[in-house]
Amino acid sequence: MHDTGNQIVLGTFISTFIYCLLVLRTIHGEGDGYESPYRYDKNKKLRFIAKGVDFQGLVERAFNQIRQYGKSDAGVTIRLLEAIATIATYTNNSKYQASLRHHADMILQDSHEGLSQEQDRKDVEDSYYQVIKNLNNDDNNKDWD
């Protein structure tokens, strides 16, 4: 059974998530990679302390709940893996790759438990192998620009 409405929402979410990753990359790509959490006004008075966002935390928050909810839906599972495969083409950072691999592994495991149709499991495995291929292909990583 296909739920087009949920797939549209998921597609929009994934596009927004990838955009957020691009923004984070742009922010962290400038300077020495360290941004002070302290925010001052124009009079140099401390106004607030910003909690930082890291890649692993962002990926965790973005994928866990959808993975858990959609583990019995082949379409959702495949779209999650496609999103990870796309993100993988934008990084050769080993920590980021490990985080993406971890989530792809969990998605694959959940699909074995949640999908009853053999063809659905095969389609998920094909998407999973594309993630692995993209994670192992540093030479073809895209630029963030």
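Given the conditions (1) of a type outside the set (Ser, Thr, Tyr); (2) exposed (fewer than 10 other Cβ atoms within 10 Å of the Cβ); (3) modelled with pLDDT under 85; (4) over 21 Å from ALA98 (Cα atoms), and given that GLY33 satisfies all but one, which numbered condition is not satisfied?
Result: GLY33 fails condition (4) only.
Among the residues of the range 62-95, which ones are of a type in the set (Lys, Arg) and surrounded by fewer than 14 Cβ atoms within 10 Å (Cβ to Cβ)?
LYS95
Run down LEU100, LEU80, LEU58 and say which single residue is part of a helix (DSSP H, G or I), over 26 Å from LYS122 (Cβ atoms) and either touching a Phe, Trp or Tyr at 6+ places or on another chain (Cβ under 8 Å) or touching a residue at least 24 places away in the same chain (Cβ under 8 Å) (or both). Reasoning before the result, please.
On the way: LEU100 fails: over 26 Å from LYS122 (Cβ atoms); LEU80 fails: over 26 Å from LYS122 (Cβ atoms).
Testing whether each residue is part of a helix (DSSP H, G or I), over 26 Å from LYS122 (Cβ atoms) and either touching a Phe, Trp or Tyr at 6+ places or on another chain (Cβ under 8 Å) or touching a residue at least 24 places away in the same chain (Cβ under 8 Å) (or both) leaves just LEU58.
The values are calculated or read from the model by the stated rules, or taken from the named source; none is laboratory data. As the structure is a computational prediction, the values presented were derived from the model and not from experiment. All Cβ positions, glycine included, derive from the backbone under ideal geometry; neighbour counts span all protein chains shown.
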